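Structure record follows, encoded as structure tokens.
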Amino acid sequence: MLVAGSQCCPPGLEERLGCGALRGEEDRGIAVPPQLGRGPSAFIPAEEILQEGIESSRRQLLIEAFVSAGRVDNITMVMGLHPQYLSSFWKTQYLLLRMDGPLPYHKRHYIAIMAAARHQCTYLVGLHMGEFLQAGGNPAWLQGLHCAPQKLRNLNEINKLLAHRPWLITKEHIEALLKTGEHSWSLAELVQALVLLTHYHSLASFVFGCGINPEAGQDGGHGCRPPSPHSDSSPTAEDSTGCSGGRDAVREVEALMERMQLLRDSQREEEGVTQEEMATRFEMEKTESLLVAPSDVTEHALQSGVLCFVEDPEFGYKDFTRRGEQAPPTFRAQDYTWEDHGFSLINRLYPDVGQLLDEKFQVVYNLTYNTIAMHCGVDTSMLRRAIWNYVHCVFGIRYDDYDYGEVNQLLERSLKVYIKTVACYPEKTTKRMYAQFWRHFKHSEKVHVNLLLLEARLQAALLYALRAVTRYMT
Amino acid sequence: MGAAWLGAWPEEWAWPGEGAWLDTALSSLSVAPEGAGLSGSGRGVGRRGLRGSCSRRGCGTRGDGRLRGVNPWYQVSFGLSASHAVDANPEHPGAVPTPGPALAEGTRGGRWGLDAACGAASLRARSQRVDPAPRTAMEKMARVSTALGGNTLTGRTMFCHLDAPANAISVCRDAAQVVVAGRNIFKIYSIEEEQFVEKLNLRVGRKPSLNFSCADVVWHQMDENLLATAATNGVVVTWNLGKPSRNKQDQLFTEHKRTVNKVCFHPTEVYMLLSGSQDGYMKCFDLRKKDSVSTFSGQSESVRDVQFSIRDYFTFAATFENGNVQLWDIRRPDRYERMFTAHNGPVFCCDWHPEDRGWLATGGRDKMVKVWDMNTTRAKEIYCVQTIASVARVKWRPECKHHIATCSMMVDHNIYVWDVRRPFIPSAMFEEHKDVTTGIVWRHLHDPYFLLSGSKDSTLYQHIFKDASQPIDRANPEGLCYSLYGDLAFAAKESLISSDSNRKPYIGDRRHPIFFKRKLDPTEQFEYISSSSALSVFETDVESGSMDWFVHTAKQYALAGRPLAELCDHNAKVAKGLDRNQVAQTWTMLRIIYSSLGTVSSTNLNHSMGKGSTTLPLMNSFNLKDIPSGLGSESRLDRSKGESRTENILMDSSSTLINNEDNEETEGSDVPADYLLGDVEADEDDLYMMDHENPHAEEQEYSLPQEAFPLRHEIVDNPSALDHLQDKADSPHVSGNEAETVSLTPVESFSLISISHSLYENRLPSDFFNPIVRDTLLFYAEQGDVQTAVSVLIVLGDRIRKEIDEQTQEHWYTSYIDLLQRFQLWNISNEVIKLSTCRAINCLNQASTTLHINCSNCKRPMSNRGWICDRCRQCASMCAVCHHVVKGLFVWCQGCSHGGHLQHIMKWLETSSHCPAGCGHLCEYT
């Protein structure tokens, strides 16, 4: 006779609940600033995320996440709107942080801190400071980058570039890090560090882009500042949000649908466009992305708690097409693709992560529910591709086989502003920006945009970094 | 290069299940540094050596080292050895490096390539063959010419600089011209005798157009004026060289929405062109028409390659990014003929065999080249070559049925020519390029000696086969491997084995007469004359090689659940029962050390002592102290000579002695067999060290030493022990058991001390002995007996855990668990996992704990809950007794598959022997 166990509630859940230190703190009632409201996100009403009858697959996922990490953080909650993606994301992050790899665990968290600090993302910095200590890291390091070992400090330069101007990374940077010496990196370590850095840069984008609230009980010793400094600056935005956005918003959706149809039809006829025209369109889009920079670029006070992990805080995103500066050549997507080159390289140096990243990119690129706002059964591939390619365009990556005129047609200006801001200087994202684009769309769709953004940004930075590594190796 | 291949060396190295022994038994071996040094030098010096070795090819004295058809159990393949260090040193042909521990380590999973003895032997043999005269450049450039039915190809290895990186190349039918295409280049070169000459630049016009940015180019094999390119922006362009104007562009097809990855002309039909694109479509064009004739939808991700079958007029193959290969009939655009998954990840390329109509070679991102036989109804994988990087292109070599050229997408810049039957080592390689090779093409359809290649390093090369480097030169076709049961297989070139005069014939050497003569392939330029190998298998004595003791011990040991003293006693008894006296003593000692603190009475002690030392009178311990000292010095000397070799065989003192001797014999080494005593002596040193310490510490208070020593006169009473021992020392053929008895004696002295010590032990901190226990464990582990080490570790738990660093512990645990699993002792291995205190080990049985179950009604997997099927909305597992859903343990009869609650079924079967469901089956409950 055989005995089989029937599947039921994950065992040990209760115990873990009890022992979660953070839960305990929550009970003790750390003061949560009232304007942040409740729920995982400052932008999205809590009810949207914490629906009662969430489908079982998603709940299963959340339980899994909870069991493996001892908590379900707000990021997970928000990403949970897209369970298919969440599972892929989780696997990757789990591998990066908790599975065997060239780097010791505490250093991984420290690198995460460094990366998140570049975008002044207190949320992630706080989260990983805790994790860092739990992994047995030296508390002294948390006083600032100057207290960390030289080896980690050497990573600062590449961290800075990856976060703000990845196209500036050259093989010399890689060479400098790998140069044999006391504080040198091994290639495998460096690749893990690069993946970690890009992962956390883009995750910071997500945090700001979705207005993720600080964890309950997470104060990180920096006071309860909201993660995005501007989220409280626009109380009026509240009014213009909501589905009551009026007929304007509905009309916008209809217009978008029309344009998509138009593009689809015209694609078959449109042959008269010359190559020059195409090239110009890309350049146009690049230059235009200059103009969509957020207007309220007021220098806000840098937060000292995060600042200690940052050197050269003034360094930020600069449009590489800006006059005066020598513009590096446009990155041709076909010459160094993730599928062919990036994957092959990463799979060689840090095997498992290549597979997972590949899967994650594919999931996010193909993720669709065939809906647009209130319409169902819509082929959204064109829209998704426009967003993806626009993010890459912002980072200077050009696809030969894409007509950048489409971006102009499909992405309204407020969306472009949002994408550009979240991708390049996420710390400047405001609730107003979030509210202003796609006013009639569901929040889950906006989160979807954020996921595309996250992954496109990750891939762009990773491609630049890996290309430099390849050049170093040849 | 050497380094890279070393890493990728064949899997067949391993005996089925040898790993654990090697891992544990050889853990002390200092091989890795040598291995590293070896691979390090491979690149720098290896090149020169290679040139030096080129000239030897004429003599044709290289062994091919092929081995096949071996009994799979004894399957051994060949790898690189340290001996290429000799090849790499043409300046000093006479110098034979000192035969150090020439071990090469396959980097995967710590597999062991070569044995020191083989290495040394081959060093000797090889050094004589090194040609002192380095080959001159002139010689190298010597012309090659081959007759091709009147059309003669001549040329040399040569290259030319292109202005920009190339993406693809293609040759004209007459083999006199080559076209190079890339993002910023599109030119035709003619291949002259001495050089490439630029004939035509097809990029005309001021403004750069994306239509010129080529991902692929193909030259028609029927019409030498016709070319087609695939552009990165999705345009397919045809070119007519016969046009009078400067612009040769002929047609423009802008039907694909995404980058076109590949274009292909029909081999016999002039106007038929096929394209495959990133958008997932393949299109067939008739060049006489403006639009495509038909569109094929792969219904999946991007198409990476399309190739018309050479023989089947209507068939073409397409490869996809998701790993699939599809076969299409050009007349049926609605559906593919067949599809199969060829690779994990994108399939970058494919190529039909020029002669064998059914063979298709594919190359993928998973670093594999696979050859498929398509003649059968299911595509059958007949060959598989594992390379070291993703495969970008594959091209069958003309006139050589089994040869195929490959180049890779990333990292690796070389071009390899493989014999698919021999997948572990490329038969030739071209190392000229400095960046990845993007295009390879054989210059002529019927000439196997000229290969053209374009690369990202902006060069175009013509490679002559004669100048290829042959990795086989640097490989040493010798292999050595252990089986789980201690058998040893050794394969080498036959000539090497027979020529070694130092070899003594050994009776135990049951050499299997499996030799191979390879038939000479007339099409091959290089003659493989000596190509036979010999495989020797040395079987260990059934008795000594038997691992029964391991299995028994594992089964009988008690590791937890009882007080320490009982556990130790029990385990000591187990060890004793298996004649492992030393281990038994260790357990007894441990009990005394850790559990006797104030609780164990002295009678108890005496009892256990008597148990442990029944074979020898107590007092032997003290005279023995003198005897082994002589042995000790000798064995130390031995160790300095042969440690690395002896230790890798030393798994357990009792089981491997004979095995070891076997090896010594075959190696012709003169290491005495009694080194074992030396090892024990090391242990003894520790014991005596303690011996000195303890009495000193207590001397003031207790006059114990005096109490213990006056018994010395009994030595005389028992002279037999002494004789006995000396006998052994002289005899080179000590049996394992005898040796063990000897080694035990010093332990006696220890237990004596312990006993006396028990009188004052209360004053000692409990961790006083920890360093010694730690050393003991280390000693056992070093000896290869992780079983003892791990068992003690578990039994003692926190008492000793902190003394040994986490990593070592983890290493022991993994080794032991691995061993247990090899012997299929699953339950025990699980118990060990559970009892371990290492985090890494503990979580071993927390991984993949999901149990997938299928619904008993619809046979589909059940998703979230175990008892209700989402599909058929029925409760799947009903109790046959109470007819309720079983939500916990479900017990069922394997005979009739009825079951239910454990309690209910048990109760039912107490009274009835028939199935409760009423099916009439006689259920059994055990």
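The values are calculated or read from the model by the stated rules, or taken from the named source; none is laboratory data. Note that the structure is a prediction, hence the values are computed from the model and not measured. Here the Cβ is made from the backbone with ideal geometry for all residues, glycine too, and neighbour counts use every protein chain on show. These area figures cover heavy atoms from the full protein model, side chains too; ligands, DNA and RNA do not enter into them. Shrake-Rupley method; radii C 1.70, N 1.55, O 1.52, S 1.80 Å.
Lys and Arg at +1, Asp and Glu at -1: add these up for the other residues within a Cβ distance under 15 Å of A:Gly181 and post the number.
Details: positive: A:Lys151, A:Arg153, A:Lys179; negative: A:Glu175, A:Glu182, A:Glu189.
Summing Lys and Arg as +1 and Asp and Glu as -1 gives 0.
In this model, which of A:Lys171/B:Lys262; B:Lys262/B:Lys395; B:Lys257/B:Lys290 are farther than 20 Å apart at the alpha-carbon?
Values: A:Lys171/B:Lys262 31 Å; B:Lys262/B:Lys395 15 Å; B:Lys257/B:Lys290 17 Å.
Table pairs above 20 Å Cα-Cα are A:Lys171/B:Lys262.
From the convex hull of the Cα coordinates of segment B:361-494, what is the mean projected area in square nanometres?
Working: hull surface 43.5 nm².
If I average the Cα hull's projected area over directions, I get 10.9 nm².
Search the structure for amide H atoms under 5 Å from the amide H of A:Ile372, placed 1.01 Å from N in the peptide plane, and list their residues when 5 or more places away or on another chain.
A:Val378
Enumerate by residue number the trypsin sites (Lys or Arg not before Pro) in segment B:271-314 meeting two conditions: DSSP loop (anything except H, G, I, E, B), and at most 12 other Cβ atoms within 10 Å of the site's Cβ.
Answer by residue number: B:Arg288, B:Lys289, B:Lys290.
Sort B:796-804, A:454-462, B:390-398 by packing, meaning the average of other beta carbons within 10 Å per residue, with the highest value first.
Packing order, densest peptide first, comes out as A:454-462, B:390-398, B:796-804.
Using amide H atoms built in the peptide plane, which far-off residues or other-chain residues are under 5 Å from B:His921 H to H?
Those qualifying (amide H under 5 Å, at least 5 residues apart or on another chain) are B:Cys915.
Within a 10 angstrom radius of each residue's Cβ in B:880-893, how many Cβ atoms of other chains show up on average? Whole number is fine. Don't jump to the answer; show the numbers that get you there.
Working: counts 0, 0, 0, 0, 0, 1, 2, 3, 5, 4, 5, 4, 4, 2.
Neighbouring Cβ atoms belonging to other protein chains average 2 per residue here.
Take the alpha-carbon positions of segment B:174-298, form their convex hull, and give its projected area averaged over all directions (one quarter of the hull surface) in nm².
Numbers: hull surface 31.4 nm².
Its average projected convex-hull area is 7.8 nm².
Would you kindly state how much longer the chain becomes between B:Gln903 and B:Lys380 on full extension, computed as 0.36 nm times their sequence separation minus their alpha carbon distance, in nm to one decimal?
Details: separation 523, 0.36 × 523 = 188.28 nm, distance 5.12 nm.
My answer for the length gained is 183.2 nm.
Extending each Cα 7 Å along its Cβ direction at B:Gln807 and A:Thr170, get the distance between those two points in nm, one decimal.
Inter-label distance under the simple model: 3.8 nm.
Am I reading the A/B interface right? What is its buried accessible area, both sides, 1.4 Å probe, to the nearest 100 Å²?
On the way: alone 21060 and 41170 Å², together 58470 Å².
Counting both chains, the buried surface is close to 3800 Å².
Filter the chymotrypsin sites (Phe, Trp or Tyr not before Pro) in segment A:87-134 to those in DSSP coil with at most 16 other Cβ atoms within 10 Å of their Cβ, and list the result. Present the calculation step by step, with values, prior to reporting the outcome.
On the way: sites: A:Phe89, A:Trp90, A:Tyr94, A:Tyr105, A:Tyr110, A:Tyr123, A:Phe132; in loops: none.
Those that pass, being in a loop and sparsely packed, number zero.
With 29 Å as the limit, write out which pairs from B:Lys283/B:Lys466; A:Lys360/B:Lys887; A:Lys360/A:Lys416 have Cα-Cα distances beyond it, or answer none. List each step's numbers first, then the result.
Details: B:Lys283/B:Lys466 41 Å; A:Lys360/B:Lys887 36 Å; A:Lys360/A:Lys416 24 Å.
From B:Lys283/B:Lys466; A:Lys360/B:Lys887; A:Lys360/A:Lys416, over 29 Å: B:Lys283/B:Lys466; A:Lys360/B:Lys887.
Report, in whole Å, the centroid distance computed from the Cα atoms of segment A:78-93 and segment A:147-166.
What the calculation gives is 28 Å, centre to centre.
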